[in-house]
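Structure first, commentary second.
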Amino acid sequence: MSRRVGVYVCHCGSNIAGTIDCEAVARAVGERVADVAVSRDYKFMCSSLGQSMIQEDIEKEKLDRVVVAACSPHLHEKTFRRACSNAGLNPYLMQMVNVREHISWVTKDQVEATRKATAMVTGAVERVKRQEALEPQYVPVNPATLVVGGGIAGLQTAIEIAEFGHPVYVVEREPSIGGHMAQFDKTFPTLDCSACILTPRMSEAGQHDCIHLLTWSELESVSGSVGNFKVRVRKKARYVNSEICTGCGVCEEKCPIKVVDDVFEAGLGIRKAIYMPFPQAVPKMPVIDTAHCIWFVRGKCRACEIFCPTKAIAFDQKDEIVELEVGNIVLATGYDLFDCRRLPQYGYGRLDNVFTSLEFERMCNAAGPTGGRIVLRDRETEPRSVAVIHCVGSRDKRTNEYCSATCCMAALKFGHLVRERIGAEVYSFYIDIRTFSKDYDEFYQRVMDEGVHFVRGRVAEVTDVPRSPAEEGKLVVQCEDTLLGVQRRIPVDMVILMGALEPRADARDLALEAGISCSMNGWFTERHPKLDPVATMTDGVFLAGACQGPKDIPSSVAQGAAAAARILGMITRGRVEIEPVVATIDEERCSGCRICNALCPFHAIEFDEARHVSHVQASLCKGCGTCVAACPAQVIRGAHFMNEQIFAEIEGLLADAWSDVSEPVAAFAAGGVDD
Amino acid sequence: MNAETKPKLALYWAASCGGCEIAVLAIDERILEVAGAFDVVFWPCVMDGKVADIEAMEDGSIAVCLFNGGIRTSEQEYMARLLRAKAKVLVAFGACAQDGSIPGLANLLDRDTIFRQNYVESPSVDNPESTLPTATTTVAEGELHLPAFYDTLRTLAQTVDVDYFLPGCPPEADRIWDALSAILAGDLPPAGSVIGARTTVCEECPRTRHEKKVKEFKRTWQVIPDAETCLLEQGLVCCGIATRAGCGARCPSVNSPCIGCYGANDGVQDFGARMMTALASIIDSNDPREVQRIIATGIPDPVGTFYRFSLANSFLRRSRRPVAAGAAAGAATRGED
């Protein structure tokens, strides 16, 4: 096997060359490694000059293999594959070595870095010599899309795709779409009514011919891959026949059971055991809460059934599994609010008049539990002074180190609402005010002008233990004012905690099901933090809204629209290219032991009962290699990751180390063991 | 055909139990055909013969040598090299010659530990002076020599070039006959091949198989398995999934899990690694602690379970020795071995 390998070591400006002696790497590999016909270093391999260097060499030097030592293949594998293709070389005969992220960015030791780079490039040369030409495959794209989450981000995606006439399924776990935005009163910085701008979107989604809402539903499983996903959705029993319910609300009126509404009203209001979460709910249809309904708890009542004018109550309804086939999936599952009880020093749950931001939102809302009146927990007294504490559960090593991005503006909005509605004194306790978006800082200036007091410092404690007569009967906020350099105790009537935005409690489960990953904090990981914040590492799975990281409404909407644009592009193209890096089973040699059958995360393996062999469906296979590793008979071949290639790479990596041992460790050949 | 013109056959027995010798006789009356076809020049187990006679032969003058057993001592190495030189076709006969097999499990220890255990510490040994075997012993009459005992057992192919491998512990009579027939007919695969199937025992196993999920590994004394379903699905560590076919699934057919004596499937470098990745893949739990418990209680002897027949020929080869003996003194000790 004689090959002509071209090796190209990229400087990446000083990103690589600052640590690795690229010229020395190229020289060493060129001189020492067999079959290397050309070995060069160049300032920017990804530039058009760098690419044409490869192309010219392929043509002139008759190269049949190429190694590029540069950055992560995530960034430029496509670039160099294309360069090879353009010169008539099969793109899978090119191997990248990531000497930037894996070496130069993680060490300052120039000698060791250069040594490691030489070893890795040598390994890649040995590997590429054994790589095989592979041809890409194409699969059609199903034009239907699944959107998980019916908040503002998901609705934006759904509507934009549906406008082009393609079917969209929106799965929402709550009884109504709308998400957190439906709970808000005003939106910053314009102070327009949240419901007024959201509900038209909700009803548009509800009435759109191409949008199929699956509310009170949960995603059960995802299989398949880009273009052709199969998803299973659990439609939880509503105990209401959706075909005949008119949403008249009589059932809710007649239901004798009152329940504290922990979800929509944030525990501040009540609902019935059969309920619609809010008047503008879409679909306009109630759901029975079986934990509280007397019929389900004690087998009595059935008042709703008796009074329902259309006989729509269906106590015998069961959960239903709906199977859908879609080409793309958008995750728009939003966030959970930080549980403020986790910081007991702020007294939430212990001190009556400490409220969460969501409670305060509901309180301000004219349709909310207090009818829009800002009052203390007794529902009567208006506070004369209010403290707003920023960064509760954010920017804090004990809880979350990240900034929740939206709370500063929400806190300013609360300050404004208090000043405007009841004229009470407002103290905003902040670490830094972050008002970074369009018109945000102007809003901050406005709220300052309205007389909100800003105290810079993290609050140590909220207490009801007075130290002076002025503190009697008050909540006292203890804080170091870092601008004045003094400790301050400020007595107030009401405290609002600006809780952090956190990933959904079950976000990791969903990530696993959808085949994507989560950041350390638990937010869904985008394909690239700057250049592709919409896609994920799994083709056909996109992100929208706060599930990817704390986000305000405009950003969520923008991301939702971006996801829609990406998907529309794929639908228009009609087919997607599938990497030919797939597993194949040698059916002649498969003994049908069925070890691999249940392992495939993409459900690509099927068992042929008649012939007693297993078979990989190439269009579903993602080339992960799980079955290749598991096959006890080693008759599954993982293209591009063949044992022969991997062993050759390891031997190449260790070529340098061989001089350190007394005898070559020919571990994989039947050679001698050093006795 | 007289002895002069018949092809010559030799059989030899190194570090192994002797079962392979019996297996050759298990081809029953066909042994007469062997005797008819070959001139058996050397077979210490069943007929008289002298090493000197072999040494006197010309290189390549033996048509076929069936060599069973691994290489544990200097004498065995000498015989392996001698028969390699004299034989046109050298066959690693059986699991010990091919993969080291049971004697190869001693690679978990070193010579000193083995000697201490066998000659000093074993309860049935009476050796007050802790005398250990040495290669050379001086007595009044002069020097006595014993074969040197190596630290590591090697397979035949780790010692000399091998033309063919005949797997099994021992090889099945019919497979032996197939191989001998092929040799006689000159109908042989490329040198270096294993003469045998290219698929695994499951292919020959009559049990019904399903998608596999195992919650508990059980040992054979703990259950009486049902006779229809795959034994692995019943929690028994059946190595049939990774073991080369050729035995007709003898053990699973009588309700006993395959222990892997036919070695790895064609093209597999490490039998134990294949078994472990396969079993790890079907453990029905995602909780690391539960997985740990399932493995610890169900597979108390992983090396003995997964490398019973192949430790000496695996990626592991042997347990790690002290660094001093390995690196610095490596070259020096090799000569002594």
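Numerical summary
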| quantity | calculated |
| --- | --- |
| Whole-percent carbon and sulfur share, accessible surface of segment A:339-502, 1.4 Å | 46 percent |
| Mean separation of Cα contacts under 8 Å (6+ apart) over length of segment A:171-211, as relative contact order % | 31 percent |
| Local electrostatic count, residue A:459, Cβ distance below 14 Å [Lys/Arg +1, Asp/Glu -1] | +2 |
| Using alpha-carbon coordinates, inclination of helix A:48-60 to the longest axis of chain A, degrees | 30 degrees |
| Cα-based reach from residue A:258 at 23 Å (exclusive), listing lysines while leaving out same-chain residues under 8 positions away | A:236, A:272, A:284, A:300, A:311 |
| Cα-projected label distance for residue A:244 with residue A:508, points at 7 Å along beta-carbon direction, nm | 4.6 nm |
| Segment residue A:572-residue A:487, length gained on full extension (0.36 nm per residue, minus Cα span) | 24.3 nm |
| Carbon + sulfur, % of accessible area of segment A:212-258 - ligands and nucleic acids excluded, 1.4 Å | 43 percent |
| Cβ charges +1 (Lys, Arg) and -1 (Asp, Glu), total dipole of chain A, debye | 1040 debye |
| Size of the A/B contact, given as accessible area buried on both chains, probe 1.4 Å, in Å² | 2900 Å² |
| Environment charge at residue B:269 (Cβ cut-off 13 Å; Lys +1, Arg +1, Asp -1, Glu -1) | -2 |
| Label-point gap, in nm, between residue A:345 and residue A:298 - each point 7 angstrom along Cα→Cβ | 4.7 nm |
| Anchor residue B:86: lysines whose Cα lies under 20 Å away (excluding residues fewer than 8 positions away in-chain) | B:6, B:8, B:50 |
| Proportion of all alpha-carbon pairs of chain B beyond 36 Å (%) | 29 percent |
| Reachable lysines, given that their alpha-carbon falls under 26 Å from the alpha-carbon of residue A:62 and they are not under 8 places away in the same chain | A:43, A:78, A:129 |
| Approximate spin-label separation residue A:381-residue A:61, in nm, with each point projected 7 Å along Cα-to-Cβ | 8.3 nm |
| Pairs from A:108/A:622; A:108/A:530; A:186/A:235; A:474/A:551 whose Cα-Cα separation, in the structure shown, is over 29 Å | A:108/A:622; A:186/A:235; A:474/A:551 |
| Ranked packing of A:478-485, A:441-448, most packed first, by mean Cβ within 10 Å | A:441-448, A:478-485 |
| Chain A, relative contact order in percent, only Cα pairs under 8 angstrom and at least six apart counted | 13 percent |
| Cut-off 18 Å (backbone N to label point 7 Å along Cα→Cβ of residue B:55), residues of segment B:143-158 | B:143-148 |
| Protection proxy ranking of A:365-377, B:291-303, A:32-44 - average other beta-carbon atoms within 10 Å, highest first | A:32-44, A:365-377, B:291-303 |
| Per-residue average of Cβ from other chains inside 10 Å of A:630-643 | 6 |
| Nearest-ten-degree value, helix A:22-32 long axis tilted from longest Cα axis of chain A | 40 degrees |
| Alpha carbon convex hull of segment A:5-134, projected area averaged over orientations, nm² | 6.6 nm² |
| Square roots of five times the Cα gyration tensor eigenvalues for the protein assembly as shown, Å | 71, 34, 30 |
| Spin-label zone in segment A:381-408 - amide nitrogen under 19 Å from a point set 7 Å from the Cα of residue A:441 along the C-beta vector | A:405-408 |
| Bridge type composition, chain A - antiparallel percent by DSSP, nearest 5 | 50 percent |
| Residue A:366-residue A:530 FRET efficiency (beta carbon distance; Förster radius 56 Å; 0.05 resolution) | 0.85 |
| Residue mean of other protein chain beta carbons inside 10 Å, A:139-147 | 0 |
| Length-normalised contact order of segment A:437-530 in % [C-alpha pairs under 8 Å, at least 6 apart] | 15 percent |
| Size of electric dipole in segment B:1-64: Cβ of Lys, Arg +1 and of Asp, Glu -1, about Cα centre, debye, nearest 20 | 100 debye |
| 10 Å Cβ neighbours from other chains, averaged over peptide B:198-206 | 5 |
| Cα long-axis angle, helix A:440-449 against chain A (0 to 90 degrees, to the nearest 10) | 30 degrees |
| Fluctuation leader among B:137, B:152, B:243 - chain B, Gaussian network, Cα springs under 10 angstrom | B:137 |
| Positive-end residue of A:554, B:94, B:9, charge dipole of the protein assembly as shown with Cβ unit charges | A:554 |
| Residue among B:118, B:255, B:265 with the largest mean-square fluctuation in a Gaussian network model of chain B, springs linking Cα atoms under 10 Å | B:118 |
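The values are calculated or read from the model by the stated rules, or taken from the named source; none is laboratory data. Keep in mind the model is a prediction, meaning the values are calculated, not measured. Quick reminder, even Gly has a Cβ in these numbers, built from the backbone with ideal geometry, and neighbours come from all protein chains shown. Just so you know, the surface numbers come from the protein's heavy atoms only, side chains and all, with ligands and any DNA or RNA stripped out. Shrake-Rupley method; radii C 1.70, N 1.55, O 1.52, S 1.80 Å.
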